[in-house]
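*Asks:* I have a structure I would like to understand better, so I am pasting it below and will then ask my questions one at a time.
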Amino acid sequence: MAEHGHRHAAGGDRRYLTGALALITGFMAIEVVIGVIAQSLALISDAGHMLTDAIAIVVALIAMRISARPPRGGYTYGLKRAEIISAQLNGLTLLLLSAYFIVEGVRRIVEPPDVEGLYVVVTGLAGIAINLAATWLMSKANRTSLNVEGAYQHILNDLFAFIATTIAGAVVWLTGWGRADALAALIVAALMLRAGWGLVRDSGRVFMEAAPVGMNPAEIGGRAASLDSVVEVHDLHIWEVTSGYPAMSAHILVKPGADCHAARLAAEKLLHDEYGIAHTTLQVDHAPQELLTVGAPPTHCRAPHGPAHRRLA
């Protein structure tokens, strides 16, 4: 039943992304033509960003298909990290585009070209409407997935870009100050830089198998060690297979004579109910007698597997 629900949600996400893709690609072709005619860097930068929007959505759709494939062969988790690769690519393209538009924007501030402000205003207003619709569609998809969030950030930043472009076009049209167009492009580049860095950072945490944001391994280990009959928890590792899919492994030692099966079930319930970790691999053993002696050194190898969490007396 849970798997069926997951497929239904993924199917809905694909429909939302496909609708946004149709809107973006249709308007992008119009904007390129008008941007060249108007000699507006802001419009051309928007069109370039819309191209990456379209690519981002296509990559996200492909990643969804790939990640939904069941585990087989050596890929014991399946190909779920295809979505993280997609998020990383989206973040990197935003960073590269921001660098280009910063350089070009500075150049056009020094040597501003003649910009047709009226063309920019009309196209910008149309772009705002298109991107509002696309952003609304993307917002209905599951944004806890870094894959979807990456595509969403592209669309959202494009909406901000059109707002800045429209304002710049109005300034050029009403005052003739051509540098406003380049300043708008720099504002867009700053927004791209911020969103791109966030995606690269978050996807990088998944690749480096860091604990999910908001999960403190020391706290979780301490809570597990405080369960009835548990003496110590060590070799504790928490990571994300993909966004929204946390996993954990640990070695749990319980008092001699305690029920190992009951201790494992109690730990699994704690991890699931309190921290949302449903995928766990827990090895439960009885603690050696010397570990129960106050002040005795541990009998297992602690380094390099991290600290041990012991039950407080």
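The values are calculated or read from the model by the stated rules, or taken from the named source; none is laboratory data. Small disclaimer: the values here were computed from a predicted structure and weren't measured. A quick note on method: Cβ atoms are made from the backbone with ideal geometry, for glycine too, and the neighbour counts reach across all protein chains shown. What goes into the accessible areas is simple: the full protein's heavy atoms, side chains included, and nothing from ligands, DNA or RNA. Shrake-Rupley method; radii C 1.70, N 1.55, O 1.52, S 1.80 Å.
*Asks:* Within the stretch 263-280, work out how many residues are open to solvent by less than 50 Å² (accessible area, probe 1.4 Å) and either of a type outside the set (Ser, Thr, Tyr) or outside any helix (DSSP H, G or I) (or both).
*Replies:* 8
*Asks:* Continuing with the same structure: Out of all the residues in the stretch 147-162, which are acidic (Asp, Glu) and under 15 Å from residue 133 (Cβ atoms)? Spell out how you get there, then give the answer.
*Replies:* Restricting attention to the stretch 147-162, the residues satisfying the condition of being acidic (Asp, Glu) are 149, 158.
Answer for the stretch 147-162, where residues must be acidic (Asp, Glu) and under 15 Å from residue 133 (Cβ atoms): just 158.
*Asks:* Could you say which residue among 144, 165 is more than 19 Å from residue 93 (Cβ to Cβ) and either in contact with a strand residue (DSSP E or B) (Cβ under 9 Å, 6 or more places away or on another chain) or open to solvent by 20 Å² or more (accessible area, probe 1.4 Å) (or both)?
*Replies:* None of the other options fit; the residue is 144.
*Asks:* Sort out which residues of the stretch 89-141 are open to solvent by 30 Å² or more (accessible area, probe 1.4 Å) and small (Gly, Ala, Ser), and write them in order of number.
*Replies:* Those that are open to solvent by 30 Å² or more (accessible area, probe 1.4 Å) and small (Gly, Ala, Ser): 99, 126, 129, 133, 139.
*Asks:* Being in a loop (DSSP other than H, G, I, E, B) and within 27 Å of residue 175 (Cα to Cα), is that true of even one residue in the stretch 59-81? Break it down into steps so the answer makes sense when it comes.
*Replies:* Here is the first cut: in the stretch 59-81, the residues in a loop (DSSP other than H, G, I, E, B) are 68-71, 73-74, 76-81.
From what is left, the residues that are within 27 Å of residue 175 (Cα to Cα) are none.
Among the residues of the stretch 59-81, not one is in a loop (DSSP other than H, G, I, E, B) and within 27 Å of residue 175 (Cα to Cα), which makes the answer no.
*Asks:* Among the residues of the stretch 224-238, is any without any contact (Cβ under 8 Å) to a residue 60 or more places away in the chain, in contact with a strand residue (DSSP E or B) (Cβ under 6 Å, 6 or more places away or on another chain) and closer than 30 Å to residue 148 by Cα?
*Replies:* yes
*Asks:* Just a yes or no: is a residue in the stretch 174-181 buried (at least 21 other Cβ atoms within 10 Å of the Cβ), in contact with a Gly (Cβ under 9 Å, 6 or more places away or on another chain) and in a helix (DSSP H, G or I)?
*Replies:* yes
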